[in-house]
Amino acid sequence: MASKDSQMSPRLDRRKSSTPHYQTFPTPPPKSRGRPPVSPTSSNSCPDGSSNPPNHNGGDDEHQSSPLPTRQLAVLAVIALAEQTALNSISPYLPEMTSTFPEVDVQSLGLYVGIIGSSFALAQFATNFFWGWCSDRVGRKPVVMLGTILTAACFVAFGFCRTLWQAVLVQAFMGLVNGNQGVVSTCLGEITDRSNQSKAFVYLPVIYGIGGITGPALGGLLVKHGALYPYLLPNIFSAAILVVDLVITGIFLEESLEQAKELPPLQKRAGNMFSWIWQFIGGSHRPTYLNRRLPRHSRVDGRMDEPSDDSASDAGSENHSLLSIPELFPRNHNHLGKEILNRNTILLLGTYLVFQLSNISFNNLYPIFASSPAPTGRQLKTEEIGLSLSFAGIITIVFQVGIFGKLKEKMGNKATYRAGLFLFFVSMMLMPWVGYRDSPAPFGWGSGVVWLWLELGFVLLLKTVAAVGGLTSALLLITNSAPNHSVLGTLNGLAQTLSAAGRAIGPFVSGGLFSISTQVRPKGEALAWGVFGGIAFLGWLASYGIRGEELEGDDWEGSESPEEEDDDDVEQDAGINRRR
């Protein structure tokens, strides 16, 4: 009977939190000396080696809220804030900086701005999956520290750029070395469980919102016009912030990867990572990153058991390809990759690509649209663009802290994710209809400038709610779709790879479309905004295929519809039959 019950809920029990849950006296205390009684939790061990002790308080453990690891959350918040402040500092002055390059034609400014932005995201597309996989091998902390110090160096170099190819090269290298966003999400998923993950993940976009305030303000106000390198100061300041972040990470961040207890010290792991990168670039014939560590039970008294014939043949076959499934998911069985790539995760990752494509396209189009001359643009100054983006950051904080938590409890992760995609569609369709400074005031009230800022503020409000609410829900859905923590870094790396693909396509295509829009009359600006609004609408439609109550948190007050429950039961039964 017990085995049958365990088979009926494999999806909810498959991923267990790494956060310890303490329980006093799971068995009665011994009344005499001798061998202690066997704990009943031993019979409830999970396949991954963790235990699920029974609840003696009359409830289910999964619905008891665990305390938040506030110290580690604070360290992760510092990492996220430092990076978002630095990365967001570029957007206010990037169009102006690009216009100073000798190769740039001002009539095609949007295209060149898009090329610079796409170079960063395209490079991330090439390496994000590697950083996620690498964090599963060497740990989260060394990957975060390496990405931080190399990103700081790239900011210093970007301040000295005087030509287009220099800016593209530096941004591409910055994208190659920075995979910290996915690793931070992985750490959050490992130090929380379903009972408290919503509280932790809700505050991550708040940090992004603060970075959306400090970053644009930093980039817009520290530019020194007339200097030899007018854009060096904001980049130096961004690099200094990242150096402080590096020191805090090295001292206070604790390794969240459970398997890190079996790994070598941090210094040796960092050296191994550099060796792997060098071997990968050099095309080594027998790279050491393909060597599989033997399982824990093979270590006996500090020595290794002799490998069997089967293990020797497996080791030989692993060297044929870097992209073999057993190596991408170390210490797991071959069927684990199939469990990850099911219908839900494919639709989730696909719509997450659309989500990030919409977000980065809006972020890239808005400064170009706002700074371009009429009639295609709205002729805003660099300072005005920075302040408007800071306003959006303030809205992010207010919405996340005061509204989103309660809203998500009512709607759930999937519904808020769908709402985010839909609001992207609405905001993009409204942006081309924002008025000009000299437009006649509607109803005779106010002036054209007042209505310009009211309309811009409303559209930015919709977009901000879409971005922060949808991002929180997307991160929760990705975390809850992982079968266990040993592949959470790889899954987040895959998600960030697709995100980077969207962020690589978005700036280039949106900038090119806006350059074409300048030649279209009337309302040429509606071309670029309308194309990406339509893409967001298609993503919203596709998101209705994401189903499953296991993707929700414990704080969700709703329930699946009968049709979705029936579909999930059919898929669950099919999965059980396949495993049999």
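The values are calculated or read from the model by the stated rules, or taken from the named source; none is laboratory data. This structure is a prediction, so every number in the text was calculated from the model and none was measured. For neighbour counting, all protein chains shown are included, and Cβ atoms are generated from backbone atoms with ideal geometry for every residue, glycine included. Keep in mind that these areas ignore ligands, DNA and RNA; they rest on the heavy atoms of the full protein, side chains included. Shrake-Rupley method; radii C 1.70, N 1.55, O 1.52, S 1.80 Å.
Using the average count of surrounding beta-carbon atoms within 10 Å as a protection proxy, the listed peptides 407-419, 464-476 rank, highest first, as 464-476, 407-419.
Note on exposure: Phe160, Phe155 ranked by accessible area (1.4 Å probe, complete protein assembly) read Phe160, Phe155, with the most exposed listed first. Among the listed pairs Lys224/Lys463; Lys199/Lys414; Lys406/Lys463; Lys141/Lys414; Lys410/Lys463, those with a Cα-Cα distance over 28 Å are Lys224/Lys463; Lys141/Lys414. Projecting label points 7 angstrom from Cα along Cα→Cβ for Glu549 and Trp445 puts them 4.8 nm apart.
So for Phe355, Phe130, what's the accessible-area order with a 1.4 Å probe, most first?
Details: Phe355 0, Phe130 55 Å².
Ranked from most to least accessible, the order is Phe130, Phe355.
Taken as Cα centroids, region 420-444 and region 233-247 sit 37 Å apart, rounded to the nearest whole angstrom. Working from label points 7 Å from Cα in the Cα-to-Cβ sense, the Leu68 to Val401 distance is 1.2 nm.
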